[in-house]
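Worksheet for the structure shown next.
The values are calculated or read from the model by the stated rules, or taken from the named source; none is laboratory data. Everything quoted here is computed from the prediction, not taken from an experiment. Here the Cβ is made from the backbone with ideal geometry for all residues, glycine too, and neighbour counts use every protein chain on show.
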């Protein structure tokens, strides 16, 4: 027995080692504090503006480490965060609202590594710093909004069928219709039950009125609530993309909570403003009998109309029926009106929305249409000595214009306060409106300094433990201990390389997973080497002992690693956030250890001892 590997096996090991080293290498370069500057259209500013920014920073005595365009953003790098924050204030003040200036951390990976798609792995919130939000979704509001749509639909159905009713009102989570006669109510019951089989209808008599109450079944209400949470997650993800955050965590927690983690975000005020605002638009026809309106907020109006405040003062009476809502909007861009110079938002609708708008405006040319801006906010106030979160809903008309001609899928909205308001409105409409209001119930900000401290402490712990284990293996198993040390180092490099290649997020629990996988790799080497020693004590030749040691220890190593992998898979399937990070790094580390501890150390043993007769093993 000679214990030699064929050439192709050595070539495979060499290729894997080189690839692992190359894809782990970007993590050594670190990141620079940077400013990310984009136009309102989300692209890098023109070269004259870029040069203007650099000249401004030079005039202010702010040292710039480097600059350039990357991923459609103009990035200006600095030596530390103090300089970065100072520069952000100066640049934002000089550029105005036409540009977005965001704080960021930019990787310093060389171009030749980026050319082969070698990038550093993302660092989680506990390592990189950033902000953590726990948001509560008002699912009852989502159900209430669904019932509000039934109010409008009932009025339309009964009016078209010629059924006279006294009032249609929303009462908590039910819709109540009042009639003056029983036969009329029964006729309405037959009509509405056929049109809305998902609802439950109950009849009652109260104060001389014959009532019909429409209730939403519990299963339907729960389905609406679940859909609202899922839609909010999608919308929040779109809004986070607008913020340009790398590897955010946005996931559901419980029935009506959403966890949002934004690693690297330092401008937390802007993040809260963008994530926590529920904004959408509704288009209503103006009631021409009250136009122009000179009444107040409490003036009497017909049941099919409602009084809305105008942003620029006064009130306007709009029809209750909604022409169109923000869910049909596919794109929104902020700009300036070429005639007045005021801020505007250009809106693009999808095919269905464009058809609805075109059909409606074709029938109402020369009438007036109002655009209602709806915003839900949560404010923290002190009431009777207790801190409470109070939800508020504001509705105001931002634009009233005459329909000069049929509108299509693209039109403009004017009457906004400022270009900043136009920019934020365009961002919110572009990202989509939230299906239900959300409240930030918990907020944690982790500074970059704390994240750096976690990295340094984790690095020191990993290096010290690695050196202690390496010295013990070398002292106890001698030359074979050096083989194991090389395998451990390769295992660490492979784990980091795979995490970087997958663009996974490393967290503190992830570091624990790496440490545990290294322990598993040590365990595999110990099993192999102890088996070789047993074979030698039993009188086997050195070459036979090496072969038997690797072959007979394989089943125990395989069983142990498979058990750990099964546990890691279960943790990934049923865990959340950091638990999943731990499971991912553990799985990658265990898989890498199977390669390094078995094939890697065997290759080294074959190179040193293979083919040599009468050799004495240093084990």
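For the reader, a short list of remarks on this structure follows.
- Residue in segment 117-136 that is under 25 Å from the mean Cα position of the chain (by Cα) and surrounded by fewer than 16 Cβ atoms within 10 Å (Cβ to Cβ) present: yes
- Checked against (1) more than 37 Å from the chain's Cα centre (by Cα); (2) on the phi > 0 side of the Ramachandran plot, residue 200 meets all criteria but (2).
- Members of segment 520-553 that are in contact (Cβ under 8 Å) with a residue 40 or more places away in the chain and over 20 Å from residue 473 (Cβ atoms): 541, 543, 544, 547
- Identity of the residue in segment 21-39, touching a helix residue (DSSP H, G or I) at 6+ places or on another chain (Cβ under 8 Å) and within 30 Å of residue 100 (Cβ to Cβ), that ends up modelled with the lowest pLDDT: 39
- Flag for residue 302 being in a strand (DSSP E or B) and touching a residue at least 12 places away in the same chain (Cβ under 8 Å): no
- If the condition is being in a loop (DSSP other than H, G, I, E, B) and modelled with pLDDT of 85 or more, then segment 155-174 contributes 162, 163, 164, 165, 166.
- Within segment 46-54, not a single residue is in contact with a strand residue (DSSP E or B) (Cβ under 9 Å, 6 or more places away or on another chain), part of a strand (DSSP E or B) and surrounded by 18 or more Cβ atoms within 10 Å (Cβ to Cβ).
- For segment 227-234, the criterion of being more than 30 Å from residue 126 (Cα to Cα), surrounded by 14 or more Cβ atoms within 10 Å (Cβ to Cβ) and at pLDDT 85 or above is met by none of the residues.
- Residues that are farther than 30 Å from residue 271 by Cα and at pLDDT 85 or above, drawn from segment 134-154: 154
- Residues considered: 303, 263. Of these, the only one that is closer than 30 Å to residue 160 by Cβ, outside the structural domain of residue 499 (by TED's automatic domain parsing) and modelled with pLDDT of 75 or more is 303.
- Pairing residues of segment 478-495 that are surrounded by 24 or more Cβ atoms within 10 Å (Cβ to Cβ) with residues that are not in a helix (DSSP H, G or I), at Cβ distances under 7 Å and at least 6 apart in sequence or on separate chains, gives 480/618; 480/619.
- When residue 497 is tested against the conditions (1) at pLDDT 80 or above; (2) farther than 20 Å from residue 31 by Cα; (3) not in a strand (DSSP E or B), the lone failure is (2).
- A single member of 69, 43 is out of contact with any strand residue (DSSP E or B) (no Cβ under 6 Å at 6 or more places or on another chain), in a strand (DSSP E or B) and over 29 Å from residue 578 (Cβ atoms), and it is 69.
- Helices (runs of 4 or more DSSP H) contained in segment 502-619 and holding at least 2 residues surrounded by 18 or more Cβ atoms within 10 Å (Cβ to Cβ) and more than 35 Å from the chain's Cα centre (by Cα): 508-537, 542-574, 601-609
- Residues located in segment 345-369, provided they are exposed (fewer than 14 other Cβ atoms within 10 Å of the Cβ) and in a helix (DSSP H, G or I): 351, 352, 359, 362, 363
- Residues within segment 317-331 that are touching a helix residue (DSSP H, G or I) at 6+ places or on another chain (Cβ under 7 Å) and modelled with pLDDT under 75, tallied: 2
- Applying the set (1) within 33 Å of the chain's Cα centre (by Cα); (2) assigned to a loop (DSSP other than H, G, I, E, B); (3) without any contact (Cβ under 8 Å) to a residue 40 or more places away in the chain to residue 61 leaves exactly one unmet item: (1).
- Check on residue 83, assigned by TED's automatic domain parsing to the domain that holds residue 546 and part of a helix (DSSP H, G or I): no
- Residues in segment 370-421 that are modelled with pLDDT of 75 or more, more than 23 Å from residue 307 (Cβ to Cβ) and surrounded by 11 or more Cβ atoms within 10 Å (Cβ to Cβ): 7 in all.
- Failed criterion for residue 323 (all others in (1) assigned to a helix (DSSP H, G or I); (2) over 30 Å from residue 100 (Cβ atoms) hold): (1)
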